[in-house]
1. Where residues in the range 131-172 are under 21 Å from Gly235 (Cα atoms), small (Gly, Ala, Ser) and over 16 Å from the mean Cα position of the chain (by Cα), which of them is modelled with the lowest pLDDT?
2. Note down all Cβ pairs under 8 Å where the first residue falls in the range 159-188 and is over 18 Å from Tyr76 (Cα atoms), the second is among the polar types (S, T, N, Q) and in a helix (DSSP H, G or I), and they're at least six residues apart or on different chains.
3. Show the residue pairs meeting these rules: Cβ distance below 8 Å; 6+ apart or different chains; first residue within the range 110-139 and closer than 28 Å to Leu195 by Cα and of a type in the set (Lys, Arg); second residue at pLDDT below 95 and surrounded by fewer than 18 Cβ atoms within 10 Å (Cβ to Cβ).
4. Only one of Leu10, Leu31, Leu36 is part of a loop (DSSP other than H, G, I, E, B) and either out of contact with any Pro (no Cβ under 6 Å at 6 or more places or on another chain) or surrounded by 22 or more Cβ atoms within 10 Å (Cβ to Cβ) (or both). Can you tell me which?
5. Among the residues of the range 189-206 satisfying the criterion of being more than 16 Å from Leu234 (Cβ to Cβ) and of a type in the set (D, E, K, R), which is surrounded by the fewest Cβ atoms within 10 Å (Cβ to Cβ)?
6. Might you check whether a residue that is more than 24 Å from Leu167 (Cα to Cα) and under 15 Å from the mean Cα position of the chain (by Cα) occurs anywhere in the range 76-92?
7. Are any residues in the range 39-58 of a type in the set (Ser, Thr, Tyr) and part of a helix (DSSP H, G or I), and if so, which ones?
8. Sort through Gly81, Gly67, Gly61 and tell me the only one that's under 27 Å from Lys198 (Cβ atoms) and assigned to a loop (DSSP other than H, G, I, E, B).
Amino acid sequence: MYKGRKIIALVPAYNEEAKIGRVVERTDHRLVDTLLVVDDGSTDATAAVARARGAEVLSTGTTRGVGAALRSGMEYARKSGYAIAVIMAGNNKDDPSEIPRLLDPICDQGFDFVVGSRFLPGGGCGGDTPLYRRLATRLHPWLMSRLAGKRLTESTNGFRAFRLSLLDDRRINLRQRWLDTYGLEVYLLWKVLKLGYKHTEVPCTKTYPCKALGYTKMKPVVGWWSILRPLVVLGLGLRH
């Protein structure tokens, strides 16, 4: 347990056999009680590699999307009695040694939701970062800040931690099909801000792997619409 809390790290992964092993190996198990790789219907050896390195694996059976995979992981975590969930990417972009930066504001200062920001002092972004990603990760928090009423430097970074008790709030409905892809993480952040939960950002680093290894599964147009869509439909009151 980290500071008396039962912690689970949720790692959604799809066809990440070349990188998932490093994610598991780099995670200090003194920081998290369980590292759960949620295998979203991979057709390669992602699940086998993760298990071989010591992770637990939850397989969805079919490819449904990162949001659906995270939802499955969150449901598992709640049923299993974990207090806090940490989210990390399955392609080794996040630095697991920075997990305490996410957990300490929750454990020591009473925050409910903490997002890692590469744009705060002490954070950074390296590796083979695609140009459209550099632009979009600046534009999205700018838009969300204005719509949600709180200044943000990050709104799309998946490296985050939160109290799982948030999901007991019936005003937060993750079981909507339109959240099956990248929109779920934006939706959850929006709800946290609008419902008055305590939110903060901490500096983190984000390192994109080389293009030869595949730095992202997100498609520029379809993927970015899926993370812009929550701002549109929630901002206009079309969804809840």
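1. Ala136
2. Thr181/Ser226; Tyr182/Ser226; Gly183/Ser226
3. Sorted first by the residue in the range 110-139, then by its partner, the pairs are Arg118/Gly124; Arg118/Cys125.
4. Selected residue: Leu31, the only one of Leu10, Leu31, Leu36 that is part of a loop (DSSP other than H, G, I, E, B) and either out of contact with any Pro (no Cβ under 6 Å at 6 or more places or on another chain) or surrounded by 22 or more Cβ atoms within 10 Å (Cβ to Cβ) (or both).
5. Across the range 189-206, the extreme among qualifying residues is Lys198.
6. yes
7. Listed by number, the list holds a single entry, Thr46.
8. Gly81
The values are calculated or read from the model by the stated rules, or taken from the named source; none is laboratory data. Small disclaimer: the values here were computed from a predicted structure and weren't measured. For neighbour counting, all protein chains shown are included, and Cβ atoms are generated from backbone atoms with ideal geometry for every residue, glycine included.
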